[in-house]
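One structure below.
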Ligand code: TRP
């Protein structure tokens, strides 16, 4: 029997999930589940590195789970669980702290960016600094082979690999599988901000006109896409060229991914047409797509019993695997096992 390789990925339950998150991550998670044994995690502990209002965090966790289900991520085929329900994550994270150097973490780009942003409020907590170590623990606990991530997370995967290689070599045993990243191979999978298509669409953007939220209604979609930046070349040409035509390329990317139509095909269909034709089609298809998504979402979100069942099953399954790795590590490093 061919044993499937293990995939691990996670998303923070910080709400405001966008069409960019869908196309860049969730849609890919859905495709990957056909080929790999997948472990998908709601990283609630990571989200605490930025202050979360308790009642909102609580709600966001269940919302995130219902979003997974509405994206057809199958809890019977994969393990879906909440990070804080599997205590081995924080336990391994402590051990890995002791195998990571201060200088390594200080150089992390995301840390440097986040503290620049937070400096004004004087709130630079150590969780933000240690963030990559908890992420390494997430990945290494499950002997993960592959980790699908966006470009902004590549450095985090590299440090997880470094820690694993270092640990293996100090103890002279291949106790950790060395994970590899998977970068989304779908063309146009990185969706950009609507008003500034040089910048990635971000769920934490303070201007909601930059993003399409998965819960936007038809009016909001219409307004936002109509206002989206296009280009000013004359005559207007609807072609994919990220450098010279970032606005049009972004609209093509969105349309291609939600309709499963290749960008090449779309360029052919829109030959000789004007930008407004493209926008109309993006609006129409986004409305259809999000309407279907939202209908599915609310069906799951209202079914508290189903959600709770998935959460309990997921954490049991995840713990079973996590315990094996953590026990092996504890024994290897000399912790006393009664
Ligand atoms: N840091 C990731 C993000 O914000 C979420 C995350 C937490 C993650 N643990 C992970 C992603 C492990 C991949 C693997 O996008």
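Read the figures in this text as sums done on the coordinates, not as results from a lab. Since the structure is predicted, the reported quantities are computational estimates derived from the model, not experimental observations. With ideal geometry, Cβ positions are generated from the backbone for all residues, glycine too; neighbour counts draw on all protein chains shown.
Semi-axes of segment 45-114's equivalent ellipsoid from the Cα gyration tensor, sqrt of 5 times each eigenvalue, largest first, rounded to whole Å?
Semi-axis lengths for segment 45-114 are 28, 17, 13 Å.
How many angstrom lie between the Cα centre of segment 33-49 and the Cα centre of segment 152-179?
The two parts, judged by their Cα centres, are 19 Å apart.
If a/c stays under 1.5 just call it rounded; otherwise compare a/b with b/c (prolate if a/b is bigger, oblate if not). Do that for segment 206-261, with a ≥ b ≥ c from the square roots of the Cα gyration tensor eigenvalues.
Prolate.
Work out how much length residue 304 to residue 337 would gain on full extension: take 0.36 nm times their residue separation and subtract the Cα-Cα distance, in nm to one decimal.
Answer, rounded to one decimal: 7.9 nm.
On the principal axes of its Cα set, how long, how wide and how thick is segment 1-57? Give whole Å, largest value first.
Between the extreme Cα coordinates on each principal axis of segment 1-57 lie 47, 23, 15 Å.
When only Cα pairs under 8 Å and 6 or more residues apart are kept, what is the percent relative contact order across segment 208-298?
Result for segment 208-298 is 34 percent.
Under the √(5λ) rule applied to the eigenvalues of the Cα gyration tensor, what semi-axes describe the equivalent ellipsoid of segment 1-136? Give them in Å, descending.
Whole-Å semi-axes of the equivalent ellipsoid: 27, 19, 14.
With n ≥ 4 as the cut-off for DSSP H runs, can you work out [θ] at 222 nm for the chain, using -39500 (n - 2.57) per run divided by the number of residues, rounded to the nearest 500?
Dividing the helical sum by the residues of the chain leaves -16500 deg cm²/dmol.
Measuring from label point to label point, each 7 Å out along Cα→Cβ, what is the residue 173 to residue 50 span in nm?
4.0
When the convex hull of the C-alpha atoms of the chain is computed, what volume per residue in Å³ does it have?
161
Where both residues lie in the chain, what percent of DSSP beta bridges are antiparallel, nearest 5? Spell out each step's value before the answer.
Details: 3 of 18 bridges.
The antiparallel fraction comes to roughly 15 percent.
What FRET efficiency comes out for the pair residue 243/residue 269, r = Cβ-Cβ distance, R0 = 35 Å, nearest 0.05?
0.95
Rounded, prolate or oblate: pick one for segment 208-298, where a ≥ b ≥ c are the square roots of the eigenvalues of its C-alpha gyration tensor, a/c under 1.5 means rounded, and failing that, prolate if a/b is larger than b/c, else oblate.
Since a/c reaches 1.5 and a/b is larger than b/c, the shape of segment 208-298 is classed as prolate.
From the P(r) of segment 262-338, can you give the percent of Cα pairs sitting at distances over 20 Å?
Tail of P(r) above 20 Å: 66 percent of Cα pairs.
Taking every pair of alpha-carbon atoms in segment 80-204, give the share separated by more than 21 Å as a whole percent.
The proportion of pairs with Cα distances above 21 Å equals 49 percent.
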